[in-house]
Amino acid sequence: MPIQRHLVASEGAARLERVAAAPHGARWGEPHEAQQWRCILPGAGQVHWRSGDELLFVDALTAFRMRPGDLYQLRHEAGREHDVYCSGEQDAAPGLARAWLVGPRELLLLKRATRAVQRGRMTVTDAGRAVQQALGRSRPLPASLSLATRARQALARHGAGLSVDELAEEVRSSPFHLMRQFRRELGTSAHQYRLHLRIAAALQRLHDGDRDLAGVAHDLGFCSQSHLGDVMQRVAGCTPGQARAALA
């Protein structure tokens, strides 16, 4: 199934797109060439991306950019849906990094911006500024198949439900070595990363129109709606009700 692109809004050379792709197994897709600056924002599902020696695993906490002339391939082992900020004149992302680990606070900022553009409450240019702000506060990720990347892939395959010992066994490492490398590369523990993935899923559900906070909490493995609220307040800086209102 080809990738489906939906134009959300455009302003001059800049535009915001909604992109969806169905899974197509373990094979790499056909090579493509990027025609303009593109910043791929975190969304639902996962995708593998490669260009030359660069290799990225993109999950619900990952943003990355493509430059004009990049030759790349995609591998969708799972379905994927995300927003893309495109700029025809200059790079919209800060610094020199290829990819970023986006925390829950920055993720909320991005999803608020894309929802505001969809609702006509924000211009595409202002959304580009929000992208710059969020990624400027995010941690750069290496574009390589590191131990931490393989651990992130394992978490995606198993629904973020692996214990530390199980995760270490999955990537053929000792728990101590894995945790040290994970924190060194990502700046957080595997436990915190799993928690952030669950909050990312909650924010995505709210962004996509789910209004049942108790149902979201239950589906994502939280003890109760109040438990989800406590965690979201701590890591994203808002309650689920506030996030729901911001993403309406």
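The values are calculated or read from the model by the stated rules, or taken from the named source; none is laboratory data. Quick caveat: nothing in here was measured; it's all calculated off a predicted structure. When we count neighbours, we look across all protein chains shown, and the Cβ atoms used for this are built from the backbone with ideal geometry, even at glycine.
General observations
- Of the criteria (1) of a type in the set (Gly, Ala, Ser); (2) surrounded by 15 or more Cβ atoms within 10 Å (Cβ to Cβ); (3) farther than 21 Å from residue 6 by Cα; (4) modelled with pLDDT under 95, which one residue 52 fails: (2)
- Of residues in the stretch 31-50 being out of contact with any Gly (no Cβ under 7 Å at 6 or more places or on another chain) and without any contact (Cβ under 8 Å) to a residue 40 or more places away in the chain, the one farthest from residue 114 (Cα to Cα): 50
- Taken over the stretch 21-56, the criterion of being of a type in the set (A, V, I, L, M, F, W, C), in a strand (DSSP E or B) and more than 23 Å from residue 106 (Cβ to Cβ) is satisfied by 21, 55.
- Some residue of the stretch 83-103 being of a type outside the set (Val, Ile, Thr) and touching a His at 6+ places or on another chain (Cβ under 6 Å): no
- Output for the stretch 64-81, where each listed residue is surrounded by fewer than 17 Cβ atoms within 10 Å (Cβ to Cβ) and closer than 27 Å to residue 123 by Cβ: 67, 68, 81
- Test for residue 192: is it closer than 24 Å to residue 78 by Cβ, out of contact with any Gly (no Cβ under 8 Å at 6 or more places or on another chain), in a helix (DSSP H, G or I) and modelled with pLDDT under 95: yes
- Selection from the stretch 127-170 of residues that are among the β-branched types (Val, Ile, Thr) and within 28 Å of residue 96 (Cα to Cα): 131, 149
- Within this structure, residue 72 passes the test of being modelled with pLDDT of 95 or more and over 15 Å from the mean Cα position of the chain (by Cα).
- Looking across the stretch 82-139, just one residue is among the β-branched types (Val, Ile, Thr), in a loop (DSSP other than H, G, I, E, B) and buried (at least 17 other Cβ atoms within 10 Å of the Cβ), and that is 102.
- Verdict on residue 230 being surrounded by fewer than 21 Cβ atoms within 10 Å (Cβ to Cβ) and either more than 17 Å from residue 60 (Cα to Cα) or touching a Gly at 6+ places or on another chain (Cβ under 7 Å) (or both): yes
Yes/no matrix, rows are residues, columns are (1) farther than 20 Å from residue 110 by Cβ; (2) modelled with pLDDT of 90 or more:
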position: 133; (1), (2): no, yes
position: 148; (1), (2): yes, yes
position: 151; (1), (2): yes, yes
position: 157; (1), (2): yes, no
position: 171; (1), (2): yes, yes
position: 176; (1), (2): yes, yes
